[in-house]
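The values are calculated or read from the model by the stated rules, or taken from the named source; none is laboratory data. Keep in mind that what you see is a predicted model, and the values were worked out from it rather than measured. So basically every Cβ, Gly included, is an ideal-geometry build from the backbone, and we count neighbours across all protein chains shown. Ligands, DNA and RNA are stripped out before the accessible areas are found, and what is left, the full protein with its side chains, is counted by its heavy atoms. Shrake-Rupley method; radii C 1.70, N 1.55, O 1.52, S 1.80 Å.
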Amino acid sequence: MRNLKTPKLTVVGAGPGDAELITLKAIKALQNADVVLYDALVNEDLLQYATTAEIVFVGKRLGCHAYSQDQINELIVSMAKQYGHVVRLKGGDPFIFGRGSEEIEYAEKFEVETEIVPGISSALGVPASVGISLTQRQIAESFWVITGTTSNHELSKDVYLASKSNATVVILMGMHKLEEIITIYKENRTDDLPIAIIQNGTKNTEQKVIGTISTIGTLVVQNKISSPAIIVIGEVVKNTSRMTSYFQEHFEDEFIFQNLNLK
């Protein structure tokens with residue numbers, strides 16, 4: 001039987017992890033979906049809204065791809081032509097290192113109707129959830145959001161530029177380049193510059209370590225912090241009440257307190 005539905009792709013941002021941080025518009029898209037293609041960083045609790053859709057996992061993580069990007073693009077078009085409304089559910093915001101624009105452009109080449117539902121990016125939502133203000137008044141006038149790993153699997157050159165500024169720097173997909181990042185900041189800034197690393201931000205499995213450029217490597221090893229995690233570097237890390245309370249609750253190391261001027 002020929003599908004009578006109009007082929008459509010809706011690229012949806014699922015937010016940073018907490019299922020309650022998805023938007024109402026995103027929920028409506030899931031409720032109206034015929035197919036949902038979802039990524040590895042998406043909270044699977046959100047799939048409960050897609051009650052009438054076929055659910056397909058297409059996640060990509062380091063060293064393990066369910067589908068290549070080219071295969072995902074082709075799947076979007078074939079599913080839209082066959083079933084109708086395809087929702088491409090992506091972690092965070094689909095246009096912040098999410099390749100959402102590539103999928104939209106590919107679908108439109110095949111005359112598939114498209115729509116975009118923005119999401120809360122982990123670059124913004126995760127720091128806010130732990131009390132870090134990326135642009136705190138009189139401390140940080142701007143912030144950078146940088147990918148830690150480029151398409152060539154190298155550290156972004158923008159990290160070098162950002163390390164020479166006073167801006168808050170948020171690095172996504174950077175845990176495998178952490179040693180390089182630390183080395184760059186030691187060369188261009190100071191060893192006592194505050195840094196936070198938050199794993200599984202906004203989820204109930206969240207873990208975080210907060211220290212300085214000189215101490216963070218040890219803290220990551222001690223606390224077994226790994227991907228997916230975001231890195232936040234800058235004076236704003238130590239200048240919120242929630243972060244101050246965190247330091248006081250979790251760290252008794254005199255060296256860390258002295259470095260962060262919290263005593």
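Numbers for the structure displayed
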quantity: Amide H contacts under 5 Å for Leu41, placed H, 5+ residues apart; calculated: Gly91
quantity: Spatially proximal lysines relative to Lys164 (Cα-Cα < 16 Å; intrachain offsets below 8 disregarded); calculated: Lys186
quantity: Carbon plus sulfur fraction of accessible area for region 1-148, probe 1.4 Å, in percent; calculated: 50
quantity: Computed label-point distance, nm, for sites Lys224 and Glu111 using a 7 Å Cα→Cβ extension; calculated: 5.5
quantity: Helix-only CD estimate at 222 nm, as mean residue ellipticity for the chain, using -39500 (n - 2.57) per DSSP H run (n ≥ 4); calculated: -8500 deg cm²/dmol
quantity: For the chain: accessible area per residue (Å², 1.4 Å); calculated: 51
quantity: Antiparallel content of DSSP bridges confined to the chain, in %, to 5; calculated: 45
quantity: Whole-Å semi-axes of the chain's equivalent ellipsoid (Cα gyration tensor); calculated: 39, 18, 15
